[in-house]
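Reviewing the structure listed below.
The values are calculated or read from the model by the stated rules, or taken from the named source; none is laboratory data. Being a predicted model, the structure only gives us computed values, none of them experimental. Every residue, glycine as well, gets a Cβ built from its backbone with ideal geometry; the counts of neighbours run over all protein chains shown.
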Amino acid sequence: MKKTYQLNIEGKNRDRLLDAAKHDIRKYVKRERTKPLPKGVDFVDFDCRVGASDATAADLHFAMLMGAIDALVKEGADQFYIEVTSKPGHRTAKPRDESAGAGADAGADEFADSE
């Protein structure tokens, strides 16, 4: 999905246009996530770019997408460009921290002793 959303259209409320744009983005993401996954893929991941225009768009993580749009609007931008592309995602194991694991078990033992 590559699109430039206009926020200043005569006869339309700026906030409603922003809400409609966010709804359109969420609808695209939901549609992509409901498609069947190819073999060997764990989840659907997204590459995102946001900016005032195509030339000034910067890469960012999907979780930061709506916040970046809000920041652009807060600065007073008349439009914003968004690019959201789905890609296959593969889960990786988190590295296990031995010191954190020992502390969690010790806390459980203390709770059991206090009963």
Exercise for review: Search the stretch 1-28 for residues being in contact (Cβ under 8 Å) with a residue 60 or more places away in the chain and among the charged types (D, E, K, R), and hand back the single one that is surrounded by the most Cβ atoms within 10 Å (Cβ to Cβ).
Suggested key: K3
Check your understanding: Which is modelled with pLDDT of 95 or more, crowded, with 16+ Cβ neighbours inside 10 Å, out of contact with any helix residue (DSSP H, G or I) (no Cβ under 9 Å at 6 or more places or on another chain) and closer than 30 Å to T92 by Cα, of R31, R49?
Key -> R49
Exercise for review: For the stretch 42-58, state whether one or more residues are of a type outside the set (D, E) and in a helix (DSSP H, G or I).
Suggested key: no
Check your understanding: Do the conditions hold for V50, that is, is it touching a Leu at 6+ places or on another chain (Cβ under 8 Å) and of a type in the set (A, V, I, L, M)?
Key -> yes
Check your understanding: Can you find even one residue in the stretch 57-64 that is under 19 Å from H90 (Cβ atoms) and among the aliphatic types (A, V, I, L, M)?
Key -> yes
Review point. Within the bounds of the stretch 65-87, is there any residue that is in a loop (DSSP other than H, G, I, E, B) and farther than 23 Å from K2 by Cβ?
Key: yes
